[in-house]
1. So is residue A:70 modelled with pLDDT of 95 or more and either assigned to a helix (DSSP H, G or I) or within 10 Å of chain B (Cβ to nearest Cβ) (or both) or not?
2. Pull up segment B:99-108, narrow it to residues that are crowded, with 16+ Cβ neighbours inside 10 Å and outside any loop (DSSP other than H, G, I, E, B), then point me to the one that is nearest to the other protein chains (Cβ to nearest Cβ).
3. Which residues, taken from segment A:70-126, are touching a residue at least 60 places away in the same chain (Cβ under 8 Å) and of a type in the set (Ser, Thr, Tyr)?
4. Return the total of residues in segment B:3-23 being touching a residue at least 40 places away in the same chain (Cβ under 8 Å) and either acidic (Asp, Glu) or surrounded by fewer than 18 Cβ atoms within 10 Å (Cβ to Cβ) (or both).
5. Determine, yes or no, whether residue A:77 is farther than 21 Å from residue A:13 by Cβ and surrounded by fewer than 19 Cβ atoms within 10 Å (Cβ to Cβ).
6. When only residues in segment A:86-101 that are within 11 Å of chain B (Cβ to nearest Cβ), at pLDDT 95 or above and in contact with a helix residue (DSSP H, G or I) (Cβ under 7 Å, 6 or more places away or on another chain) count, which is nearest to residue B:59 (Cα to Cα)?
7. Those residues that are within 14 Å of chain A (Cβ to nearest Cβ) and without any contact (Cβ under 8 Å) to a residue 24 or more places away in the chain, I need them from segment B:43-61; list them, please.
8. Which one of A:121, A:106 is assigned to a helix (DSSP H, G or I), at pLDDT 90 or above, of a type in the set (D, E, K, R) and touching a helix residue (DSSP H, G or I) at 6+ places or on another chain (Cβ under 8 Å)?
Amino acid sequence: MYVIIVGGGKVGRNLARELISKDHEVTLIESSRPAYLALEEEFEHAVQYGDATELWVLERAGIQRADLVVAVTGDDEDNMLVCQVAKEKYLCDRIIARVNNPRNHDHFRLLGIQPAVSATDLILRLIEHEVPRYGLVHLLALEEERLEIIELEVKAEAPAVGETVSNIALPEGSLIISVLREGSGFVPKADTVIEAGDEVLLVLDPGLEDAITEFFAPNGSEG
Amino acid sequence: MFVLIVGAGRVGSAVAKLALASRHEVSVLDEDPLSHERLNAGQAQSWEDSGGQFTVGTALELDALVAAGIERAEVFIASTDGDNTNLIIAQIAQKRFGIERVIVRVMDPARAGWYGEQGLHTISPTQHAIEMFERALEPELA
């Protein structure tokens, strides 16, 4: 795969190193001359000097044949612009943008720049994972598809305990896709009985979390 | 017309004054309070006394745009000193706030050209300078 990485800071540099070690072809573009000279010692011909928001700089890096463009500079406008141009002008299949200020997330979405990754959000998600609210863990948000996948640990006093899957009247727009019990997982059938201590994975429309939580880990119960 | 101008450097502030003089309602957003002084410079009356509005804030912050009146703006001018900032906020004005008259300053002729083809009204001072040089050099270049 040919990957163009824009921005040779900590993120870009380490990403380039990882991808090269996995035998991908990489061009790293850095706009500061001193930073470029330092990067050149390690990356040699795989790093280019220039402002990647200038079209000729992207063209010089071979954007026409890039499989993936990753914009990870410290400037959100630059990241948005590089990704927009890569996607819409050069028809690059895949782009990934870094969001420096989480408040700019909406702008990335508005311009169709997805996925947009923010370190703040990732860390928040990790905190959520470590300190789940009501024992609920967000595993994945499929924003385009408007779906979420969550994981819940079933509490002893939950209404779902002892019920078969077909008897649990989950809200429309939600489905149990997997049950983890005693270290192994399986796809439940209509007659599968939910037990306390099970971990259930559900796919749902966004906004149903609270209603779903009531079935498996009602408010106030501690795991 | 309600005109919102983001970025009041030499160009933005001059356009703001022109628009106000033509009796339009004008609001200016700039992150530098010094730009406010630039609007007052050489004027008999202060910018506000002449009917102008000024908001200190960053263009990418929705709160600042709303405080500056973007929701009722009929003309949006992006004239900060950053091409990429201008191109992004112009699209926000267009796509998020539905403003039809959006004019963007883009120094880089290449970016101005491509975004122009995508439907943004771009003005490239650099491109104009090139053309004027070309004209000035006509005798020599011919």
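1. On the way: modelled with pLDDT of 95 or more: yes; either assigned to a helix (DSSP H, G or I) or within 10 Å of chain B (Cβ to nearest Cβ) (or both): no.
Against the criterion (modelled with pLDDT of 95 or more and either assigned to a helix (DSSP H, G or I) or within 10 Å of chain B (Cβ to nearest Cβ) (or both)), residue A:70 does not qualify.
2. B:104
3. Across segment A:70-126, the qualifying residue is only A:73.
4. 2
5. Values: farther than 21 Å from residue A:13 by Cβ: yes; surrounded by fewer than 19 Cβ atoms within 10 Å (Cβ to Cβ): no.
So residue A:77 does not fit the description; no.
6. Across segment A:86-101, the extreme among qualifying residues is A:89.
7. Step one: of segment B:43-61, the residues within 14 Å of chain A (Cβ to nearest Cβ) are B:57-61.
Residue satisfying the conditions is B:61 alone.
8. A:106
The values are calculated or read from the model by the stated rules, or taken from the named source; none is laboratory data. What you are looking at is a predicted structure, and each value in this text was computed from that prediction instead of being measured. Heads up, the Cβs are rebuilt from the backbone with ideal geometry, glycines too, and the neighbour counts pull from every protein chain shown.
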